[in-house]
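First the structure, in the form of structure tokens, and then the observations on it.
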Amino acid sequence: MSGIPVNIPLLNGNEKKYLNECIDTGWISSEGPFVKKFESEFSNYCNQDHGIAVTNGTTALDIAVKALGIGPEDEVIIPSFTIISCASSVIQAGAKPVVVDCLEDTWNMNTSLIEEKITPKTKAIMVVHIYGLTVDMDPILAIAKKHNLMIIEDSAQAHGQEYKGKKCGSFGVVSTFSFYPNKNITTGEGGMILTSDPEIAERCRSLRNLCFMADPRFVHYELGTNARMTNMQAALGCAQLEQIDEKLSLKRKMGKMYTEQLSVLKDKVILPLERTSYCENLYWVYGIVLPKDHPLDAMDIMKKLRDEKVGSRPFFFPIHKQPILNKLGLIDDTPLKNSEWLAKKGFYIPSGIGTTEKQIETVSKVLKRII
Ligand SMILES: *Cc1c(COP(=O)(O)O)cnc(C)c1O
């Protein structure tokens with residue numbers, strides 16, 4: 001593609017070597033040795049005991065929610081400003097997602113709105129770290145303890161990110177990741193569930209593998225799915241994990257470059273926070289938000305960027321306004337003003353780990369001209 005795509009992955013380590021190993025040895029299925037290696041190295045990196053590699057981050061959430069025994073009559077509190085996968089995992093389990101709004105400055109779930117949503121049916125809080133900053137975990141840990149709720153942590157955008165020096169992915173009774181090519185490390189498609197509870201880990205492994213029994217193998221007492229990661233995907237994952245520290249510092253450097261180059265726009269648009277009191281921005285993507293009273297919407301700016309061959313993406317569309325969930329009556333559509341504002345006025349610009357400094361300069365120039 002000519003122009004600057006919104007994401008360019010970086011595959012400059014042992015990816016090719018390990019993939020060749022898969023081909024040379026014939027180990028291409030989920031039975032190959034890279035799968036266990038990737039599971040153990042990544043769970044270790046995130047300070048959890050068990051890793052269960054799966055086909056993608058959405059499936060990781062589906063399996064994680066089911067493994068906790070969440071089902072009909074249960075409720076799970078989720079942010080409205082997130083990807084549909086969070087709501088659909090709860091719904092697929094037969095439970096009801098209950099949404100809360102996000103904060104204006106970090107775009108993460110507003111923890112002060114959680115307690116009023118708790119009912120006797122509430123079983124869990126699903127936290128989602130958004131766009132490079134983390135959820136404020138301390139209030140959530142306190143609420144979860146007080147009301148005896150489980151924490152499901154969606155860390156799909158936060159590999160290696162830390163909350164008060166503790167790794168994201170270490171907070172949930174189950175924590176999930178995606179390794180899609182725009183994530184901090186990638187396996188093409190892929191995901192993982194982390195837990196330190198051996199029984200939950202075993203349930204995840206069973207749900208991932210059609211709930212086969214050891215013996216007799218083809219008799220089933222439960223329904224699972226085939227969500228096994230291949231040895232080829234895990235080979236990429238092992239290579240990517242070797243370089244994760246470089247990748248994270250590169251992302252931070254790119255984010256800071258954008259903020260520096262776009263600093264003249266500070267009074268006109270909202271740029272991402274560099275840090276909060278509990279974390280330093282990792283800039284998973286570099287998001288920009290227009291003020292509420294701005295005459296243009298994100299869509300207008302994105303169209304102008306497209307005319308200049310610069311890729312961009314809109315922010316998430318709020319869960320409580322998703323047409324399918326409204327139509328099925330699965331969600332309370334009471335307005336949530338911050339999520340709705342971000343959806344209308346927010347967009348992100350090229351933020352892939354393979355995006356070059358030169359491209360960042362070009363994007364910044366174009367954006368300054370447009371705004
Ligand atoms: C990417 C992402 C997912 C879904 O992962 P896939 O691998 O694309 O299915 C889930 N949650 C969040 C927060 C994400 O960013």
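Just so it is clear, none of the values below were taken in a lab; they were calculated from the coordinates. If you're wondering where the values come from, they're calculated on a predicted model, not measured in any experiment. Every residue, glycine among them, receives a Cβ derived from its backbone with ideal geometry; neighbour counts consider all protein chains shown.
Structure notes:
- When only the Cβ of Lys, Arg, Asp and Glu is charged (+1, +1, -1, -1), the dipole of region 135-244 relative to its Cα centre reaches about 20 debye.
- Counting other Cβ atoms within 10 Å as a rough exposure proxy, the listed residues LEU133, LEU11 run LEU11, LEU133 from fewest neighbours to most.
- Of the chymotrypsin sites (Phe, Trp or Tyr not before Pro) found in region 195-271, those that fall in a DSSP loop while having at most 16 other beta-carbon atoms within 10 Å are PHE212, PHE218, TYR221.
- Beyond 20 Å in Cα-Cα separation lie the following of the pairs LYS117/LYS146; LYS268/LYS368; LYS36/LYS247: LYS36/LYS247.
- Relative contact order computed over region 1-148 (Cα-Cα under 8 Å; 6+ residues apart), in percent: 17 percent
- Once backbone amide H atoms are built at 1.01 Å from N, THR122 has GLU75 as its partners under 5 Å, excluding neighbours fewer than 5 places away on the same chain.
- If R0 is 25 Å, the Cβ-Cβ spacing of GLU260 and LYS166 corresponds to a FRET efficiency of close to 0.30.
- Residues whose amide H comes within less than 5 Å of that of SER170, counting only those at least five positions distant or on another chain, are absent (H built at 1.01 Å from N in the peptide plane).
- Using the Cβ-Cβ distance between ASP293 and GLU246 with R0 set to 35 Å, the FRET efficiency works out to roughly 0.25.
- Phi-based couplings in Hz for region 323-333 (Karplus 6.51, -1.76, 1.60; Gly and Pro marked x): x, 5, 6, 5, 4, 7, x, 9, 8, 7, 9
- Fraction of antiparallel bridges per DSSP, the chain only, in percent to nearest 5: 55 percent
- Dipole size of the chain about its Cα centre, with +1 on Lys/Arg Cβ and -1 on Asp/Glu Cβ: approximately 900 debye, rounded to the nearest 20.
- Taking amide H as placed 1.01 Å from N in the peptide plane, the amide H of GLU280 sits under 5 Å from that of GLU162, each at least 5 places away or on another chain.
- Here is the list for region 241-278: trypsin sites (Lys or Arg not before Pro) lying in DSSP coil, each with at most 10 other C-beta atoms within 10 angstrom of its C-beta, are LYS266.
- Calculated FRET efficiency for the pair ASN47/VAL219, C-beta based, R₀ 45 Å, to 0.05: 0.75
- Partners for LYS16 among aspartates and glutamates (Cα-Cα distance below 16 Å; same-chain residues under 8 apart left out): ASP24, GLU242
- Charge dipole of region 253-371 about the Cα centre (unit charges at C-beta), most positive-ward option of GLY346, TYR286, VAL366: VAL366
- Anchor LYS66: aspartates and glutamates whose Cα lies under 15 Å away (excluding residues fewer than 8 positions away in-chain): ASP74, GLU75, GLU153, ASP154, ASP197, GLU199, GLU202, GLU222
- Signed unit charges on C-beta, dipole axis of the chain, positive-most listed residue PRO323, LEU61, ILE200: PRO323
- Of the residues CYS238, ALA142, GLY94, the one whose Cα sits farthest toward the positive end of the charge dipole of the chain, with +1 on the Cβ of Lys and Arg and -1 on the Cβ of Asp and Glu, is CYS238.
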